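Engineer: Sending over a structure as structure tokens; questions will come in a sec.
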Amino acid sequence: MTTDLHYSSSDSSLRVDVQNLCKTFVLHNQGQAQIPVLQNINLQVFEGECLVLSGPSGTGKSTLLRTLYGNYRIGSGQVRILGHHGWTDLTSAAHREINHLRRHSLGYVSQFLRVIPRVSALEVTMQPLLEQGENKTFAREKAIHLLTCLNVPEQLWSLPPATFSGGEQQRVNIARGFMLDYPVMLLDEPTASLDSKNSDVVVDLINQAKARGAAIVGIFHDEEVRNRVADRAFNFEQTDLQPQI
Amino acid sequence: MNPHQNTLAVTDDTQNALLRAKNITRLYSSGKGCREINFDLCPGEVLGIVGESGSGKTTLLNVLSGQHKPDSGQVLYTNKKGDAMDLYGLSESRRRHLLRTEWGMVHQHARDGLRMNVSAGANIGERLMAVGQRHYGDLRQTGQQWLTDVDMEPGLIDSAPSTFSGGMQQRLQIARNLVTGPRLVFMDEPTGGLDVSVQARLLDLLRSLVVELGLSAIIVTHDLAVARLLAHQLVVMKDGLIIEQGLTDQVLDDPQHPYTQLLVSSVLTP
């Protein structure tokens, strides 16, 4: 975690700051193929807004989101995120700082739920709060509230989500992602396999999060959803992604 | 949340490390073993060690857990009272005491970690007695409670582990280790050799114990999915060396070393 006294912008509502980010994957076992996915990305996200990443598929939108979550290392440039406990510079952060940022301040909802064997949908949903040391009753109440809002049938709550449909799994995933009031949230197609009724619920959740000040970066395939949550868009241009050998 | 407020939430955690490996080397005459191993483990953290057979994982675990003295390097541990100590600077008896009280060891083969011909209750009670508990009724009650906690019938307390299935033996091993409230548990392939459904039960148990008890753990596994589920920090070993280490997601999703890339791409769902 770095403290930056020479911060360039005076805007105190800045939450996510990406400067000159580049990311190239090198595939050692495929003739050292180099795949430059992100080139000189600069973007800022502020408190209470939703920045939408748009552009054709394969242009690096998900890569950027996963880089912001720390799953991918920063190639060059800088990525900084302001959490509850100050700025974290992902460029230099140790694994411990990234885990800390994720647990308290950085939410991530992907299209797919990483199913944990034998753990019920309700427990999966409760987890982010339990990991904060919250008491079980409170976590349970909140989880039930969100699962109900997202129309996950009550008879599914006690079952492990491994056997649920894609849409049901995704709704459990969204409930889990909104358990905590994260100051920064990353959303990768959260409405991809939802019907319009459930998409509406997600739109409401996103707008509520914005209203309490969350900074959100999202990818939304559905144009209507995108228009209802987006404050600004960041356009990815079609770049030549041919491997360079 | 003020960007100018420069509070350091995560202070220099390495100062609070529970266990620290400093330049550990232990080689066998064949040249196999582990070399120049460095990492820090903090309280509440799970470290995964992955790599193929013969990469030095188990040798390293044996050094870390006080069973084999390294040729060079140190294992530093900070005990409950906050005293920092060099594991191999301790007398044999103090090291054994530490193993019985603050540490636990779950072996890959339950027979290495259990006494197979004495009852489940005696297996659990043994560690408690080693730290001075003598009251039979209390020992029995604690034993039954722990059997329940690891999803076993309390009625099995008088049965010998030799009559249990592999998964039950593994759960008994865990109960036996956790009964004294250890701060650090070493596990060598805890799910190895178990059926997939039994593995899932055990993984769920381990995960909840880590979260609920705030345990720290070092887990050797060749299963990347197990590592992903349990480990905060991942170490990849090859030919006795650490070739890559860091945030588990990062090592698995964006591996840098050719060998790690091969390892990750060789499994169906990492």
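Engineer: Working with all protein chains in place, sort B:M116, B:M129, A:M185 by solvent-accessible area computed with a 1.4 Å probe, largest first. Display every interim value, and only then the final one.
Structural biologist: On the way: B:M116 45, B:M129 90, A:M185 0 Å².
Order by accessible area, largest first: B:M129, B:M116, A:M185.
Engineer: Quick one: what are the phi-derived ³J(HN,Hα) couplings along region B:160-166, Karplus 6.51/-1.76/1.60 with θ = phi - 60°, whole Hz, x for glycine and proline?
Structural biologist: Working through the residues one at a time gives 7, x, 5, 8, 8, 6, x Hz.
Engineer: Suppose R0 equals 30 Å. What FRET efficiency, 1/(1 + (r/R0)^6) with r the Cβ-Cβ distance, do A:A211 and B:E212 give to the nearest 0.05?
Structural biologist: Numbers: r = 34 Å, r/R0 = 1.14.
So the FRET efficiency works out to roughly 0.30.
Engineer: Let's test the formula: R0 of 22 Å, r as the Cβ-Cβ distance of B:S165 and B:V118. What FRET efficiency results, to the nearest 0.05? The partial results should precede the final answer.
Structural biologist: Details: r = 18 Å, r/R0 = 0.82.
Result of the calculation: an efficiency of 0.75.
Engineer: Let me ask something else about it. What distance in nm lies between label points placed 7 Å from Cα along the C-beta direction at B:Q256 and A:E237?
Structural biologist: Using points 7 Å along Cα→Cβ, the separation is 3.0 nm.
Engineer: Out of the GluC sites (Glu not before Pro) in region A:124-187, which ones are loop residues according to DSSP with at most 16 other C-beta atoms within 10 Å? It would help to have the intermediate numbers written out before the result.
Structural biologist: Details: sites: A:E131, A:E134, A:E141, A:E154, A:E168; in loops: A:E131, A:E134.
Of the GluC sites (Glu not before Pro), the ones in loops of region A:124-187 whose Cβ has at most 16 other Cβ atoms within 10 Å are A:E131, A:E134.
Engineer: Which of the residue pairs B:K57/B:K80; A:K23/A:K142; A:K23/A:K210; B:K81/B:K238; A:K61/A:K210; A:K136/A:K210 have a Cα-Cα distance greater than 32 Å in the structure shown? Write out the running numbers ahead of the final one.
Structural biologist: Numbers: B:K57/B:K80 27 Å; A:K23/A:K142 38 Å; A:K23/A:K210 29 Å; B:K81/B:K238 36 Å; A:K61/A:K210 21 Å; A:K136/A:K210 27 Å.
Result: A:K23/A:K142; B:K81/B:K238 exceed 32 Å.
Engineer: What are the ³J(HN,Hα) values, in whole Hz, obtained from phi via the Karplus relation 6.51 cos²θ - 1.76 cosθ + 1.60 with θ = phi - 60°, for each residue of region B:21-27 in sequence order, with x given for Gly and Pro?
Structural biologist: So the Karplus estimates, Gly and Pro as x, are 9, 10, 6, 6, 10, 9, 10 Hz.
Engineer: Moving on to the next point. Mind checking which of B:L178, B:L64, B:L229 has the largest fluctuation in a GNM of chain B, springs on alpha carbons under 10 Å?
Structural biologist: Top of the fluctuation ranking is B:L229.
Engineer: While we're looking at this one, here's another question. For a test of the definition: using alpha carbon positions, the gyration tensor, and the 1.5 limit on a/c, classify region A:116-232 as rounded, prolate or oblate.
Structural biologist: Numbers: a/c = 2.08, a/b = 1.33, b/c = 1.56.
Because a/c hits 1.5 or more and a/b fails to exceed b/c, region A:116-232 counts as oblate.
Engineer: Would you mind calculating the relative contact order of chain A from Cα pairs under 8 angstrom and at least 6 residues apart, reporting the percent as a whole number? Could the numbers behind the result be given before it?
Structural biologist: Working: 458 pairs, mean separation 71.2, N = 245.
Value for chain A: 29 percent.
Engineer: In Å², and per residue, what accessible area does the protein assembly as shown have when probed at 1.4 Å with the other protein chains present? Display every interim value, and only then the final one.
Structural biologist: Details: 22460 Å² over 515 residues.
Solvent-accessible surface per residue comes out at 44 Å².
Engineer: Just give the residues from region A:95-111 buried by at least 50 square angstrom of accessible area in the all-chains context relative to the isolated chain, probe 1.4 Å, and say none if nothing qualifies.
Structural biologist: The answer is A:H95, A:R96.
Engineer: Please report the accessible area of B:K32 (heavy atoms, 1.4 Å probe, ligands and nucleic acids excluded) in Å², nearest 10.
Structural biologist: Around 110 Å² of this residue is reachable by solvent.
Engineer: Continuing with the same structure: What does the extension gain come out to for A:S92 and A:H221, with contour length at 0.36 nm per residue minus their alpha carbon separation? Please report the intermediate quantities before stating the final value.
Structural biologist: Details: separation 129, 0.36 × 129 = 46.44 nm, distance 3.22 nm.
Fully extending the segment from A:S92 to A:H221 adds 43.2 nm.
Engineer: Using a simple spin-label model with points 7 Å from Cα along the Cα→Cβ vector, what separation in nm is obtained for A:T163 and A:T24?
Structural biologist: Inter-label distance under the simple model: 5.0 nm.
Engineer: So what is the relative contact order for region B:1-158, in percent, with contacts set as C-alpha pairs under 8 Å and at least six apart?
Structural biologist: Details: 176 pairs, mean separation 25.3, N = 158.
That works out to 16 percent.
Engineer: Mind running the shape call on chain A? Use the C-alpha gyration tensor, a ≥ b ≥ c as the square roots of the eigenvalues: rounded below 1.5 for a/c, prolate if a/b tops b/c, oblate otherwise.
Structural biologist: Numbers: a/c = 1.60, a/b = 1.39, b/c = 1.15.
Note, shape of chain A comes out prolate.
Engineer: Can you tell me which of B:V46, B:V226, B:V131 moves the most in a GNM of chain B? Springs connect C-alpha atoms under 10 Å apart.
Structural biologist: Its mean-square fluctuation being the largest, the pick is B:V131.
Engineer: Considering Cα pairs under 8 angstrom that are at least six residues apart, work out the relative contact order of region B:198-270 and quote it in whole percent.
Structural biologist: Values: 57 pairs, mean separation 15.1, N = 73.
For region B:198-270, the relative contact order is 21 percent.
Engineer: Keeping all protein chains in position, work out how much accessible area B:S197 exposes to a 1.4 Å probe, and write it in Å² to the nearest 10.
Structural biologist: Probe radius 1.4 Å; accessible area of B:S197 about 80 Å².
Engineer: Further question: Can you list residues from other chains, or at least 5 along the same chain, whose modelled amide H is less than 5 Å from the amide H of B:M105?
Structural biologist: B:F186
Engineer: Please list B:H135, A:H221, B:H109, A:H28 in order of solvent-accessible area, largest first, computed with a 1.4 Å probe with all protein chains present. Don't skip to the end; give the middle numbers.
Structural biologist: On the way: B:H135 115, A:H221 140, B:H109 80, A:H28 50 Å².
Sorted by accessible area, descending: A:H221, B:H135, B:H109, A:H28.
Engineer: Residue by residue through region B:66-82, what is 3J(HN,Hα) from phi via Karplus (6.51 cos²θ - 1.76 cosθ + 1.60, θ = phi - 60°)? Round to whole Hz and write x for glycine and proline.
Structural biologist: x, 9, 9, 5, x, 5, 8, x, 9, 10, 9, 9, 10, 7, 3, 7, x
Engineer: If you split all Cα-Cα distances of region B:59-182 into 10 Å bins from zero, what percentages do you get per bin, shortest first?
Structural biologist: Going out from 0 Å in 10 Å bins, region B:59-182 shows 13, 40, 30, 16, 1 percent.
Engineer: For A:C50, A:C22, give me the order by solvent-accessible area with a 1.4 Å probe, most accessible first, ignoring ligands, DNA and RNA. Could the numbers behind the result be given before it?
Structural biologist: Values: A:C50 0, A:C22 35 Å².
From most exposed to least exposed: A:C22, A:C50.
Engineer: Is the protein assembly as shown best put as rounded, prolate or oblate by its Cα gyration tensor, with a ≥ b ≥ c the root eigenvalues, rounded for a/c under 1.5, and otherwise prolate when a/b is larger than b/c, oblate when not? Show your work: numbers first, answer last.
Structural biologist: On the way: a/c = 1.89, a/b = 1.47, b/c = 1.29.
Verdict is prolate for the protein assembly as shown.
Engineer: Any chance you could check the Cα centroid distance between region B:151-204 and region B:61-127 for me, in angstrom?
Structural biologist: Comparing the Cα centres of region B:151-204 and region B:61-127, I get a distance of 18 Å.
Engineer: Sticking with this one: Quick query: amide H of B:K238 versus all other amide H atoms, modeled in the peptide plane; which residues come in under 5 Å with a sequence gap of 5 or more or a different chain?
Structural biologist: B:I243
Engineer: Something else now. Taking amide hydrogens as modeled 1.01 Å from N in the peptide plane, which residues meet the under 5 Å criterion relative to A:G83, leaving out close sequence neighbours?
Structural biologist: Residues meeting the criterion, in which the H sits 1.01 Å from N, are A:T88.
Engineer: Run the paramagnetic zone check for A:N135: 7 angstrom along Cα to Cβ, then residues of region B:192-222 with backbone nitrogen under 19 Å.
Structural biologist: Counting only backbone N, you get B:212-213.
The values are calculated or read from the model by the stated rules, or taken from the named source; none is laboratory data. Just so we're clear, the structure is a prediction, and the values are computed from it rather than from any experiment. We place every Cβ from the backbone using ideal geometry, glycine too, and count neighbours over all the protein chains shown. SASA here: full protein model, heavy atoms, side chains in, ligands and nucleic acids out. Shrake-Rupley method; radii C 1.70, N 1.55, O 1.52, S 1.80 Å.
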